[in-house]
Amino acid sequence: MTPPRLLIAASGTGGHLFPALAVAEVLPDYRIEWMGVPDRLETALVGDRYPLHTIPVRGFQSRSPLSMGKTLYGLGRSVFQIRHLLRSQGFAGVFTTGGYIAGPSILAARSLGVPIILHESNALPGKVTRWFSPWCTEVALGVESARQYLPRTRTAYVGTPVRPDFLTETPPPLDLHIPPDVPLLAIVGGSQGAVSVNQLVRTCAPDWLQAGIWIVHLTGDVDPDRLELKHPHYFSLPFYDRMAALLLRADLAISRAGAGTLTELAITKTPSILIPYPHAAEDHQAYNAAIFGSVGAAIVFQQAGLSVDQLREQTLSLLKPEHSPLLKQMSEKAGELAVHDSAHRMASHIRQVIHG
C-alpha cells in the first residue's frame, strides 16, 4: 500500500521548524515533503531528510504600496504553486506551524478540499493563525488559553512538540569542559540570537564570574561583539547543537520567550529569567512569558525597564546556595507546564483529520 503524502509547511525560525520536524519523525507511515522559502533556516535543517519545495512568499513587513504589491503578487503566485503541487502529487493533507508560509498553504489546500491542520505554539495566536484558522480543518494549540482568541475554529490542546533528544532518558552529553559541581548559567536568545540581551549579559558577566558562576552564552551569529569577553569559565557560542544537555545541566537560564524555547525550558525543568523580545509581532512573547511568570516557573522582566543592576543582582541572588530551594520550586513549576508526548498527540490529530 502506498503511504499517504503529507505536505509540511514550516519556515523561517526554529520556533516554526523544530516542532514540525519533531512531528515528522513520528509519522513514519506518511510520505512527507516540505514547503519552505529560499534562503531560510529550513534549507539547512530539512536538508536531505525530506524533499524541499520553495515558494516566494514573504510577510507584510512594510506598508509601502510597492512592497505591498510585491508581497501580494508573491502570495498569489505561491498559492498557485502550492495548489499545483497538491493536486498533481495527490497529497492527502497539509500540516503547517504558522508564520507567513501558512497563509498560501491554507488557501491552496482549502481551494482543493485538502484537509489542513495548523499548529499554533504561542499564547497569543499570530495574525496568520487568527485570519486563516476558520479555513483549517483543525488548529492544534501549544497553550490551552490560546483557544479564547479562535472562537470560530475547531481546536485541540496538544502542547508544542520538541526535538527527540529532549525526551531521551540519556541525552547527548555536554561536550563543554564544565565541572559538575559549579553553578551554570545558560544565556539563550532563541534561534536568531538576542543582541540587546547579549549586551546586558556581557556587562553583568564579570561579577557573575567573580562569584564562581560558569556561563554558556549562545549569542547568535549577528552580534558584532560576541567575541569581546574572554574568560576560562565563559563560553561564547553562536549556536549549540546539544541544547537538551545544556538546559538539563544549567542551574538557571536567561532567555527570550519564544514558544519553542519555553517548551524546552519546561521539558528540562530549567528555572529562568525571561526577557521577552519587545519587537515580536503583537508583543506575543510577553504573553508567553506571563504564563511562566504567573505559575512561578520564571521571573519576567520587560526589556525597556530592565537595568544592568537588576539583572546582575537578580541572577546572583537566585544562584546563591541558600536560594536553591527557590530554584527547585521554579524547576518543579516549569515541569508542570511540559507536555512530553506533544509530537505524538499532534501526529494522532493529523491522522484523524486526514483519515476521518
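What residues from region 73-102 fall in the zone where the backbone N is under 12 Å from a label point 7 Å along the Cα-to-C-beta line of residue 2?
Once the point is set 7 Å along Cα→Cβ of residue 2, 88-92 turn out to lie under 12 Å by backbone N, inside region 73-102.
What does the net charge come to around residue 294 if you take all other residues with beta carbon closer than 13 Å to its beta carbon, with K and R at +1 and D and E at -1?
0
Based on other C-beta atoms within 10 Å, arrange 6, 124 from fewest to most.
Taking fewest neighbouring Cβ atoms as first place, the list is 124, 6.
What full-extension length gain, to one decimal in nm, is calculated for residue 227 and residue 242 as 0.36 nm per residue of separation minus the Cα-Cα distance?
3.3 nm
Under a Cβ-only charge scheme (Lys and Arg +1, Asp and Glu -1), can you give me the dipole magnitude of region 184-336 about the Cα centre, in debye to the nearest 20?
About 300 debye.
Pairs on different chains or at least eight residues apart, Cα atoms closer than 19 Å: how many lysine pairs in the chain fit?
So the count works out to 4.
If each of residue 348 and residue 53 carries a label point 7 Å out from its Cα toward its Cβ, how far apart are those two points in nm?
3.0
Show me 305-312, 40-47, 258-265 ranked by packing, highest mean number of other Cβ atoms within 10 Å first.
258-265, 40-47, 305-312
Using the Karplus curve 6.51 cos²θ - 1.76 cosθ + 1.60 with θ = phi - 60°, what ³J(HN,Hα) values do you get for each residue of region 158-168, in whole Hz, with x for Gly and Pro?
Listing the rounded values in order: 10, x, 10, x, 10, 4, x, 5, 6, 10, 6 Hz.
Obtain the nm distance between the two label points defined at residue 176 and residue 308 by a simple spin-label model: each point lies 7 Å from its Cα along the Cα-to-C-beta direction.
The modelled label-to-label distance comes out at 2.2 nm.
How big is the charge dipole of the chain about its Cα centre, in debye rounded to the nearest 20, if each Lys and Arg gets +1 on its Cβ and each Asp and Glu gets -1 on its Cβ?
In debye, rounded to 20, the chain gives about 1440.
For region 311-328, in order, what is each residue's ³J(HN,Hα) by Karplus, 6.51 cos²θ - 1.76 cosθ + 1.60 with θ = phi - 60°, in whole Hz (x at glycine and Pro)?
Values per residue, Gly and Pro as x: 5, 4, 6, 5, 5, 4, 5, 5, 8, 5, x, 6, 9, 4, x, 5, 4, 5 Hz.
Going 7 Å from the Cα of residue 29 toward and past its Cβ, which residues in region 340-356 have a backbone nitrogen under 17 Å from where you end up?
From region 340-356, the list is 343-356.
Report the label-to-label distance for residue 84 and residue 131 in nanometres (one decimal), using points 7 Å from each Cα along the Cα→Cβ vector.
Inter-label distance under the simple model: 2.3 nm.
We did not get these values from a lab; they are worked out from the coordinates using the rules stated. Just so we're clear, the structure is a prediction, and the values are computed from it rather than from any experiment. Quick reminder, even Gly has a Cβ in these numbers, built from the backbone with ideal geometry, and neighbours come from all protein chains shown.
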